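The values are calculated or read from the model by the stated rules, or taken from the named source; none is laboratory data. Just so we're clear, the structure is a prediction, and the values are computed from it rather than from any experiment. Heads up, the Cβs are rebuilt from the backbone with ideal geometry, glycines too, and the neighbour counts pull from every protein chain shown. Accessible surface is based on the protein model in full, side chains and every heavy atom, while ligands, DNA and RNA are left aside. Shrake-Rupley method; radii C 1.70, N 1.55, O 1.52, S 1.80 Å.
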Amino acid sequence: MKLALISDDYLPHSTRVGAKMVHELARELVYQGHQVTVITPKLKVRASSLLEDSLDGVVVWRFQCGPLKDVGKVTRAINESLLSHNAWRAINRQVKEHTFDGIIYYSPSIFFGSLVAKLKKRCKCKSYLVLRDFFPQWVVDSGLIRQGSLIERYFRFFESVSYKNADTIGVMSQRNLDIFNKKTNHRFRASILRNWASIKPHQVSDNAKNLRHNLGLRGKIIYFYGGNIGHAQDMENLMRLVRSMQTYDNVHFLFVGQGDEVQLITDLAAKWQLSNFSYLPSVSQDEFRDILGQVDVGLFSLSAKHTAHNFPGKLLGYMVQSLPILGSVNQDNDLINLMLDNNAGFVSVNGDDDSLLANAVTLYESHDLRRKIGLAGYNLLKKEFAVSSVALTISGSFWRGNESF
């Protein structure tokens, strides 16, 4: 099949987990025999407003767009609102009746609904929405926007357009599916689609930067957080853990990434005089994988205010490298039982600082336990989160759909 894969972020220009996941999906679909065209924004494009290139056998159409990441909220909202308009203006001459046999679009962002509608109409094909979070619900939960406000209603409109143009919607977990169906009154065809990753571990090359040497961490057990550093993660939650473990001489915390709460974590590190903490800005995907191959524990956090039950993509990066996972989440999140039932990590409820600390200390005290839990996480990855299975699920939805189209 000829498939379009739409995302607001893509490699090689991005360091974000979502961009890596989209590329892994595209590459796997190509491996399985499909032709894949990724449609994605780029800040600077030639005068034609469309740049065509390729990456690992994936055709990429890059359209002109204003900045979406690491900019002010108003600027980002305006530029995201124009995504569908800018994309269609750039690609509409390229799209004929049979250009695509199926459309996959990844959310966030919620602003690709009208582009999908135009593609479906012209190509006469089905679509699959990969829904990774419930925006704008999580920003309402976090108190960043007020429920019932004009801006919430604005975002809800685009959310509804995105849902309406999907023939199938894939959410991350059973509880997310329950929430989605209740919220939408079962109006849409939705099912569980796990996050995904390639299951091939990364081998650190001899030429890779020696993390422990460069940061002076020889002999240290490194607790690593990599990815978005923002409100949804509640980074102060992890910083309290860093402060609580200052008395453990052989422990160091390394945070790598970008986001709205970078200033918060650096300010807290200075205020609390944390000598067991380092922060580095985002690095390339290759450097990120090299770091994962040199650390000991993978950290994550989700805000206690969430009502949805996200599975952060960064966990898959930890699991593929057999890192034990340590984190905390919102109440009743599926992740707690998933990790504990498979012995793949320690997950507690955000706000229970004593449990988070106790779990961190338990991992610190036993190398054998860290290795055992890390291997269990890798086995869970192979069983539940292999990109090959996800690609088959998505492509299979188009075959089933076409039978009744």
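Brief remarks follow.
- Restricting the stretch 36-76 to residues that are in contact with a Phe, Trp or Tyr (Cβ under 9 Å, 6 or more places away or on another chain) and polar (S, T, N, Q), the residue that is farthest from Trp88 (Cα to Cα) is Thr37.
- Residue under evaluation Lys69, criteria (1) open to solvent by less than 30 Å² (accessible area, probe 1.4 Å); (2) in contact with a helix residue (DSSP H, G or I) (Cβ under 9 Å, 6 or more places away or on another chain), criterion not met: (1)
- Test: residue in the stretch 40-63 that is of a type in the set (Phe, Trp, Tyr), out of contact with any Lys or Arg (no Cβ under 6 Å at 6 or more places or on another chain), open to solvent by 10 Å² or more (accessible area, probe 1.4 Å) and assigned to a helix (DSSP H, G or I): no
- Residue count, the stretch 154-175 (criterion: in a helix (DSSP H, G or I) and touching a strand residue (DSSP E or B) at 6+ places or on another chain (Cβ under 8 Å)): 3
- Considering the stretch 136-147, and only residues there that are open to solvent by 40 Å² or more (accessible area, probe 1.4 Å) and within 21 Å of Asn181 (Cα to Cα), the residue that is nearest to the chain's Cα centre (by Cα) turns out to be Trp138.
- Lys126 being of a type in the set (Lys, Arg), farther than 21 Å from Ser395 by Cβ and at pLDDT 95 or above: no
- Residues considered: Leu369, Leu392, Leu357, Leu316. Of these, the only one that is more than 25 Å from Glu236 (Cβ to Cβ) and in contact (Cβ under 8 Å) with a residue 60 or more places away in the chain is Leu392.
- The listed residue being open to solvent by 40 Å² or more (accessible area, probe 1.4 Å) and touching a helix residue (DSSP H, G or I) at 6+ places or on another chain (Cβ under 9 Å), out of Thr75, Thr15: Thr15
- The residue that is least open to solvent (accessible area, probe 1.4 Å), among those in the stretch 288-316 that are among the aliphatic types (A, V, I, L, M) and more than 30 Å from Asp368 (Cβ to Cβ), is Ala308.
- Just one residue in the set Ile151, Ile179 is farther than 30 Å from Trp399 by Cα and either outside any loop (DSSP other than H, G, I, E, B) or of a type in the set (S, T, N, Q) (or both); that residue is Ile151.
- Tally of residues being in contact with a strand residue (DSSP E or B) (Cβ under 9 Å, 6 or more places away or on another chain) and not in a loop (DSSP other than H, G, I, E, B) across the stretch 300-336: 16
- Applying the criterion of at least 1 residues that are of a type outside the set (S, T, N, Q), at pLDDT 95 or above and buried (at least 19 other Cβ atoms within 10 Å of the Cβ) to the helices (runs of 4 or more DSSP H) found wholly in the stretch 203-287 leaves 235-244, 262-271.
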